[in-house]
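These notes concern the structure reproduced below.
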Amino acid sequence: MLLKNKTDLKLIFLILVFSGILDIHAQELKNSDFFKNAVLIKASKIEPHPEWAIMQRHLMKTIEEAAPQYVKKFTQKDGTPYGKGPYDDVYEMFFNWPEMYAMGGSEYLFETALKSYNAITLNGSAYVKDSIDYNHQLYKEFPRKDDWFHISEGITLFYNLGLGDPKLSENVKRAKRFAGFYMNEDPEAQNFNTEYKTIKSIFTGSEGPATTSSAVYNLRYGHTSLAPVLEYLEPEWHEKPKRQKEIQELYDQIITRTDVPVNLLATGLITNAYLYTGEEKYKKWVLDYVDAWMKRIAENGGLLPDNIGQSGKIGEYRNGQWWGGLYGWYGRYGVLMQFSALSVASECAYMLTGDPKYLDLLRSQINSIMQRAKFTKEGQMLVPFRYKKEGWYSYRPMMIQDLAHLWHASMDPEDWKKIEVLMKGNKFHPLWGEGVWGQNTLGELDTVVWKKAEPFDWNLEESMGDRTFGLTEHARLMYYAGKNPDWPLEVLKADYTEVMKRMNFMQNDPRNIYSIQKDDLYPNNPVITKGLVQTTMGTPQTVYNGGLLRATVRYFDGDLQRPGLPQDVSALVDGIQANETKLHLVNLNPVQTRKLIIQSGAFGEHSFTEVAEGQSKIAVNGSYFMVELPPASSIHLTIGMKRFVNKPSYSFPWDKKYSN
C-alpha cells in the first residue's frame, strides 16, 4: 500500500479502483512535520518467511546474547578492559558495537560501547610528558603522535558512536576538537600546512607533528626505505649504537617529516565533524586535501607518489624519487594501507560534494595496478603490490575491497567491468601469508613468489569476522551479478557459525583476570556486523581503517524513534542499480505491527524519487519514506533513487528539516 498523507481524495479513489492489491492506510503518528508528511507504505502480503529473514533475526539475537558474556569476561565494571595494549587495540574491542545498534541491536550494545569508549579514553589520557606507558597514549582524548593507519583503527569506534546518538554534546565537542588538530585550531597541534596542503609528518596527533619516529621498526620490517639516499642497509645496523644514531638522523630527514598517502585517512576525521555540525569549513578542508593529492598524482604521470616534502614537492628529500615513503609502494603492506586511505578519502569527498571526479583518486590507482597485471599459464591474474629500484614486484592476487567500494560509490558499468575481469582472473586462492599479506618476515625477505592453492570459488561465503579488508566481498558481488542466489542466507549462516566459535573460545579460555592484564590478547569480538550490513543496507563492509558507514538504505524504528530495524523485522537489499534499489522487508512477528522508516544512504545523502510495489508507484522526492508491516506480512519494493544529491548528516530523520 502506497500513500502520501496529503494525497487528494481523487487520487485515493483512483488507487482504490485500479490498484486492487494496495490498501490505503491513513496514519496518525507523532505530531512532528516528519511523521505528518512522510510517504507511508503498508504491506499486505502474507507468505512463508524466507530462510534468510529468519536467520538474520536469529543472528542478531545471538549477538545480543553473546555481548554481555564478552563484557563480563574482559572488562571491569566501569567499562575499562582488563588487558593492556596500544590504544587502538583496546578501542577495537568495541569498534562495531554502535554499528550493530544502528541496525536494530539492543540498547545495551550502544550503552556499553559508549561507556567503554569513555573509560578507555579517560584511562589513556592520564597524561605524563614523554611517557610511553600504555596509560599515557592520549592527550586531549586523542593520540598524542601516531601514524594514521593506527589512529584510524582506534578512531572507528568514535565514528560509529555518531550512528547511535548524534546529539551527545560531549561527542560533538570531541568531534570538533579532534578535527581542529588538523585545521590548526589548537596552538599545540599545528599539523597542517595550509599553503601546500600537506600534513606535516608521518606521525601526528594532539601534540602536533612529530620530528622523530622509530627508524628501527619501520626499516627492519620493510615499511619504508631510505633509497636512493642510502641504497643498502646492513642487517645488523640497529645493534650498533653509533650506526643506529646515524640511520635515525637520516630517517628523520628523509621520512619522518613527509606527508604520505595514509594521511588521507584524516579525511574521515574531518568528515565526521561535518556530519555532526554541517559546518562548511570541514568540507573545505577535505576537498583541499584530496584535491592536492589528486594534483600530485597527475604531476607524477598518473601514479600515486608516496612521499611529499614540507614544500609540497614529490620526493623532496629523495632527489625526486616518488616511491619509498612510509606504508607506500615499497612497503610490505603498501597496497592494503594506501588503498584503504584512497577508498576512505574518495568516498568522503564524493559524499560531501556529489562530484564523481573524486572517485578518480581511487580509480586511477586501481587502473594503474590492473594495467600492470600478469597472468599465469592457468590464467590467474596477479598484480604488483610493491615497487623498488628494479621496478614492480611482489605480484599477488588483487584485493577486492577497493573495487567493491569504488563500484558501490559510482554504480558505473566501467567499474563493474573491472570486477568482471577480476572474477575471470582469480582462479585460485592464495596461500594465506603468501597472497595478500606476504610472508611474516623482515624487510627484503618479503619477496614472495605467489603460489596457487585450492581453486577459487567466488560463490563461497566464509566468515572471518569484521576485520577482513574486503576478503569476503566476492560472494556478495556474485549475488548482485545474478550468479549466487543463496548468498543472503549463506553469509548470515557463516557469521552465525563464527560468533559461536568465538563464544566457544571465550568460554574455554583458561586465563583469569590477572593473566589477561599482562597482555592485550582478547578473543575475537563476538559482535560481527559484516553480513548484517551487507544484507540489510546493500553495501560493502565498512573500510576497517577509519571508514565511515556506507549504505544504499538505512533504517529507523518508527514507533520507538531509534535507529535500526524494528524488532522482528528483517531486510534484504536484493537489487542495486545506479538509479534503482530493490528491497525485501519481512515482519516475523505473528501478532504485532511494526513501523519503520527507510532512509536514503547512511546519512541521508541520496534522495528517493519514487517507490513501487508491483505496477503501483508513488512519488517520494525526498530522503525518507515509511513502511507499515502488519503481523507476518512482507513487501518487495522497487525504489527510484538519485545518488549523492543531499547534504549528509548524522541527524535522525525526525530531527532534520523534512525534504519531501
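Throughout, read-outs are computed from the coordinates displayed, never taken from laboratory work. The structure displayed is predicted, hence computed values, not measured ones. So basically every Cβ, Gly included, is an ideal-geometry build from the backbone, and we count neighbours across all protein chains shown.
What pairs from Lys197/Lys418; Lys357/Lys389; Lys73/Lys493; Lys284/Lys647; Lys140/Lys245; Lys145/Lys281 go past 22 Å between their alpha carbons?
On the way: Lys197/Lys418 32 Å; Lys357/Lys389 32 Å; Lys73/Lys493 26 Å; Lys284/Lys647 14 Å; Lys140/Lys245 32 Å; Lys145/Lys281 24 Å.
Table pairs above 22 Å Cα-Cα are Lys197/Lys418; Lys357/Lys389; Lys73/Lys493; Lys140/Lys245; Lys145/Lys281.
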Practice task
Provide the per-residue ³J(HN,Hα) series for region 621-636, in order, calculated from phi with Karplus coefficients 6.51, -1.76, 1.60 and θ = phi - 60°, each as a whole number of Hz, with x at glycine and proline positions.
Solution key: 6, x, 8, 9, 8, 10, 10, 10, 10, x, x, 6, 8, 8, 8, 10
Practice task
Output ³J(HN,Hα) for region 555-570: one whole-Hz value per residue in order, computed from phi by the Karplus curve 6.51 cos²θ - 1.76 cosθ + 1.60 with θ = phi - 60°, and x for Gly and Pro.
Solution key: 10, 9, 7, x, 8, 7, 6, 9, x, x, 5, x, 4, 6, 9, 10
Fill in the blank from the handout: The summed charge of the Lys417 Cβ neighbourhood (under 14 Å; Lys/Arg +1, Asp/Glu -1) stands at -1
Handout entry: Ordering of 627-634, 456-463, 500-507, 142-149 by packing [mean C-beta count within 10 Å, highest first]
Key = 142-149, 627-634, 456-463, 500-507
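Can you tell me how much longer the chain between Thr376 and Gln310 gets when fully stretched, taken as 0.36 nm per residue apart minus their C-alpha distance, in nm with one decimal?
On the way: separation 66, 0.36 × 66 = 23.76 nm, distance 4.26 nm.
Contour length minus Cα-Cα distance gives 19.5 nm.
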Practice task
On a C-alpha basis, how far is the centre of region 608-660 from the centre of region 169-217 in Å? Whole number, if you could?
Solution key: 39 Å
Problem - Simple label model, 7 Å out from Cα along Cβ direction - Tyr221 to Gln244, nm - result: 1.7 nm
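Take every Cα pair under 8 Å in the chain that's 6+ residues apart, average their separations, divide by the length, and report that relative contact order as a whole percent. Intermediate values should be presented prior to the final figure.
Working: 1311 pairs, mean separation 106.2, N = 660.
After rounding, I find 16 percent.
Apply 1/(1 + (r/R0)^6) to the Cβ-Cβ distance of Ser214 and Glu414, taking R0 = 60 Å, and write down the FRET efficiency to the nearest 0.05.
Details: r = 42 Å, r/R0 = 0.70.
The calculated FRET efficiency here is 0.90.
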Exercise for the section: Starting from the eigenvalues of the Cα gyration tensor, five times each then square-rooted, give me the equivalent ellipsoid semi-axes of the chain, largest first, whole Å. Expected result: 43, 27, 25
Fill in the blank from the handout: Taking r as the C-beta separation of Glu65 and Ile513 and R0 as 22 Å, the FRET efficiency to the nearest 0.05 is 0.45
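Would you mind telling me the antiparallel percentage of the DSSP bridges in the chain, rounded to 5?
Working: 61 of 65 bridges.
Expressed as a percentage, antiparallel bridges in the chain total about 95.
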Practice task
May I ask for the net charge around Gly208, where only other residues with Cβ less than 11 Å from the Cβ of Gly208 are counted and Lys, Arg are +1 while Asp, Glu are -1?
Solution key: 0
Completion exercise
Env charge @ Phe652, Cβ radius under 11 Å, K,R +1 / D,E -1, value +1
